[in-house]
Every structure is written in structure tokens, then in C-alpha cells.
Amino acid sequence: MNSISSNNNHNQQMRIMRTTMMKKMKKNSSSSSNEEDLYHVIHKVPHGDSPYVKAKHAQLIEKNPEAAIVLFWKAINAGDRVDSALKDMAVVMKKLDRSEEAIEAIKSFRSRCSKQAQESLDNVLIDLYKKCGRLDEQIELLKRKLRLIYQGEVFNGKPTKTARSHGKKFQVSVKQEISRLLKSNYLTAEVIYRKAQMIDPDANKACNLGLCLIKQGRFDDAGSVLGDVLQGKIPGSEDDKAKNKARELLMEVKAIQPPLELSDIVGLEDEFFNGLELLMNAYAPGRSKRLPIFEEISSFRDQLAC
């Protein structure tokens, strides 16, 4: 009888010990899992062991951009998160002054990306074109994005869309997106017109420069440029058409009109951007990718780089 009781006590003690050990193992496992999750959250590195995960680890943890680019290429070729791999690789290339290579990579492999990724790739391309001084292509892409918004193809008929920056999501309205694109477009155009005025100044280009400044909200600068036209300080200022245009723009400055609305985009392209294209063609016979005018003047180069 005592033997049976002793065995029962022993078995009960063993069960208690096993239960206690299991609880400890489960707690340790949970703690380890939580620590691993926290590690990925802090360093913004995805889980797994795929080429893309290894690329992000090389980029963010090891701080080895060259190794990251090699691994991003492997991810793209393996079909592993191609949308993110191509975009992230282009960003890393830009930081290494390999922007031209990044441009070609996006053009060559964007067909492998989803439709949802195309807009983000366009945004990266715009920055890359700016970095390389390829302003004609930058402006053309900005104009295409504006047309897509005007046609209702970017926001899918909705007033806002979800955007992401530095891992954080936020809402962007149609008007905010238009304002951002137009500001970038007019800043780019301003650089072109200023360079052109240094080589071959005339009143018509001065008026277009004034328009660039107005649309950026730089009314004092615009007033100064347009005032030079009305005071006859710029060649061609005697032309009645140029004077009338300068007066109209100065009236706009004084009225401090609100930012450009969506319905104004088509009319804007008909006059302003067509004039800009004529100017660019005049300084770039043969339509080279990099305007010769940019090679002749370097004082504004910092404005072209990010």
C-alpha cells in the first residue's frame, strides 16, 4: 500500500515538474519571439531569409550598400518582392552616385512590377532625372503624371490616396498631389529659364521666368523680373506682346491669386509648356538627353541635385 502511494506521489511530482518546465520553455520561446519581432521593428528589416530580406539586412544593418545592390539584383531576378527590390535598389544607387544606372534599371525592369508600384517608380525616376540634370525627361514625366491625375487615373476617382514615407502611411489629397507636382515642375523650369537668360536674354523668356516664380509663390522675385521687362531693361522689351504679358502677370502678382486648380492644367500646357519645349529644343538640336546649356553653365548645378 505504501509502495503504491509512493509511486503516485512520484508520478504527481513528475507531472508538476514537466508542467513547470513546459511553462518556462513556452515563456522563453515567447520572450525570444518578442525580442526578434522588436528587432525587426526597430531596424525595419523584414522577416525571412530570401534575397530581398538579405538585401535589406545589408542595406540597413550592415550598412553595405554595394552588397545590398547585388542582393537586390538577385531578388529581382528571383521574383522576390520585385516592386520593393527595384525601388529600394534605385534609391541605394542614387546615394552612391549611380543615378544613370538606376534610371536604366527602372526602365528595364519596371514591366515586372505590379500596376500599383508604377506611380512610386515614377516618383523615384523624377528624382533621378533631377539628380542627373536630365530636365527634359523630368518635365515630360511630371506632365504625364499631371495628365493622369486630370483624367482621374491616379486616385481611382477618390479624393485622397494612401502614401508612404520612411515607413509611415499618410493621406494625400488630389490638390496636394497637384501642388507638389506643379511646384517641382516650375522649379525645374525656373532653372532652365535662368540659364537661358544668362546666354540669350529676351523679354518673352523673362515673362515665362516670372510665371515660374509666381506659381511657386515667390511674388517679390517675380515682380522684379517682370518690372525689368516693363522698364525696358531686357532685349525685346519694346515688343507690345511681351509688355502686355508682363503687365498681366504683374496684375496676378498684386492680386496674389490662389494656387493653380486642376481645371487650369490643360490651358497651362498649351501655352507655358509648349514654350518651354521650344526653348529646350532651341538649345538642344538633335534632342540629346543632357542639354548642352547645362554643360556651359555650372552656377545653378546645386539646384539640380537633391
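The values are calculated or read from the model by the stated rules, or taken from the named source; none is laboratory data. Quick caveat, the model's predicted, so the values are computed rather than measured. For neighbour counting, all protein chains shown are included, and Cβ atoms are generated from backbone atoms with ideal geometry for every residue, glycine included. What goes into the accessible areas is simple: the full protein's heavy atoms, side chains included, and nothing from ligands, DNA or RNA. Shrake-Rupley method; radii C 1.70, N 1.55, O 1.52, S 1.80 Å.
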If I go through the stretch 104-146 residue by residue, how many of them are surrounded by fewer than 17 Cβ atoms within 10 Å (Cβ to Cβ) and not in a helix (DSSP H, G or I)? 1
Within the stretch 147-164, take every residue that is open to solvent by 50 Å² or more (accessible area, probe 1.4 Å) and not in a loop (DSSP other than H, G, I, E, B) and give me the one that is modelled with the lowest pLDDT. Arg164
Selection count, the stretch 204-259, where residues are more than 17 Å from Glu190 (Cβ to Cβ), open to solvent by 70 Å² or more (accessible area, probe 1.4 Å), not polar (S, T, N, Q) and not in a helix (DSSP H, G or I): 6
Those residues of the stretch 76-92 which are aliphatic (A, V, I, L, M), under 15 Å from Arg110 (Cβ atoms) and open to solvent by less than 50 Å² (accessible area, probe 1.4 Å), in sequence order: Ile76, Val82, Ala85, Leu86, Met89, Ala90
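For every residue, the table says whether it meets (1) within 25 Å of Leu96 (Cα to Cα); (2) assigned by the TED database to the domain that holds Leu96.
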site	(1), (2)
Leu121	yes, yes
Gln138	yes, no
Leu141	yes, no
Leu148	no, no
Lys169	no, no
Val172	no, no
Tyr193	no, no
Ala196	no, no
Ile199	no, no
Taking Gly236 as the residue in question, decide whether it is touching a helix residue (DSSP H, G or I) at 6+ places or on another chain (Cβ under 7 Å), farther than 29 Å from Glu177 by Cα and at pLDDT 85 or above. yes
I'd like to verify a number: residues in the stretch 49-96 that are more than 25 Å from Cys132 (Cα to Cα), among the aliphatic types (A, V, I, L, M) and either outside the structural domain of Arg110 (by the TED database) or part of a loop (DSSP other than H, G, I, E, B) (or both), how many? 1
